[in-house]
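Trainee: There's a structure below that I have some questions on.
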Amino acid sequence: MDTDLITPETGALRRVAARWPTALAVAISIPGFLGGAPAAGVLAGSLGDALMMLPLAYLTVAKLGRRRATWPVVVSAVAVVVVARTLDLVSPAVVLSTLALAVLAWGVADGRLRRDGCFRVQAFGLAGFGALTIAGLALLATHPGLGVVVVAAGWFLHGVWDFVHLARDAVVARSFAEWCGVIDVLLAVQLLLLL
C-alpha cells in the first residue's frame, strides 16, 4: 500500500469504518432520540418482550461453540420476535423463553452444562436476564413507571454483559458484542428519557 495516500482524513475514515458496529447502533438509535420513539410504556413492553432474545443468542452460540454463528443466530432470533408479534398468538417473551429453555435442556442432556464453564456462565446470564424480563413485564402491568425502569435496567445490564464479552473477546463475534453493547445502552437511555 502506498503510504503517501494515507492522510489524516483517510486514517479517520478507517477508524470509523473499523467501528461500524458502533456506527450502526447509533444510526439505528437516532430516530428514538429525535422523537421517533413510542411512549415509554409501549416501548418498554416491546423491549421487555424482546429482552430474552439477547441471552438466548449468547447461550445458543455458546452451545454451538462457533462464534461465526453469532449473526445467523441473532437474525433468527429477531425473525422469531417478528413472527410472534405478527401472529399475535403468544408473547415473543414466551417464545424466546421456550427456545432458551430448549437450548439449556440440550446443554444439560449432552453434558455441556456440567463440563463447559462458558456455557454455564451463559446459563446463569439467561437466568438473570429471564428474571429481569419477567419482573419488568409484570411491573409494566401493575406499576408502569417501575416496569419501564426494570426493563431499561435489563437492557443496560445486557450492554454491560456485551462489553465484558467484547473486552474478553469471548463467546460471540466481536462485531456483535460491540453493536449489541452500544444499542442496548442507548435503548436503556431512551426508555429512561421517555419517563
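Trainee: Quickly estimate the mean residue ellipticity at 222 nm for the chain, helices only: each DSSP H run with n ≥ 4 gives -39500 (n - 2.57), and the total goes over all residues, rounded to 500.
Mentor: Details: 10 runs with 158 residues, N = 195.
Mean residue ellipticity, 222 nm, calculated: -27000 deg cm²/dmol.
Trainee: Over the alpha-carbon set of region 53-100, divide Rg by the Kirkwood Rh and report the Rg/Rh ratio to two decimals.
Mentor: With Rg and the Kirkwood Rh in hand, the quotient comes to 1.01.
Trainee: Additional query: Filter the chain for me: DSSP H helices, axial length by Cα at least 27 angstrom, mean Kyte-Doolittle hydropathy not below -1.0. List them by residue number.
Mentor: Passing helices, by number: 117-142, 144-168, 174-194.
Trainee: Report which label in [x] 11.2; [y] 13.2; [z] 9.7 holds the value of mean projected area of the Cα convex hull in nm² derived from the coordinates of this structure.
Mentor: Among [x] 11.2; [y] 13.2; [z] 9.7, the one calculated here is [y].
Trainee: Nothing charged except the Cβ atoms of Lys and Arg (+1) and of Asp and Glu (-1): what's the magnitude of the dipole of the chain about its Cα centre? Round to the nearest 20 debye. Provide the component values of the computation, followed by the final result.
Mentor: Details: 14 positive and 11 negative charges, 123 e Å.
Dipole about the Cα centre, nearest 20: 600 debye.
Trainee: Would you mind calculating the relative contact order of the chain from Cα pairs under 8 angstrom and at least 6 residues apart, reporting the percent as a whole number?
Mentor: That works out to 30 percent.
Trainee: So, in Å, what gap is there between the alpha-carbon centers of region 64-78 and region 152-184?
Mentor: 14
Trainee: Exposed loop sites here are trypsin sites (Lys or Arg not before Pro) in DSSP loop states with at most 16 other C-beta atoms within 10 Å. What is the longest stretch of the chain lacking them? Kindly include the intermediate steps, with their values, before the conclusion.
Mentor: Numbers: sites that count: R19, R66.
It works out to 67-195.
Read the figures in this text as sums done on the coordinates, not as results from a lab. On a predicted model such as this, the values are computed, not experimentally measured, just so you know. Quick reminder, even Gly has a Cβ in these numbers, built from the backbone with ideal geometry, and neighbours come from all protein chains shown.
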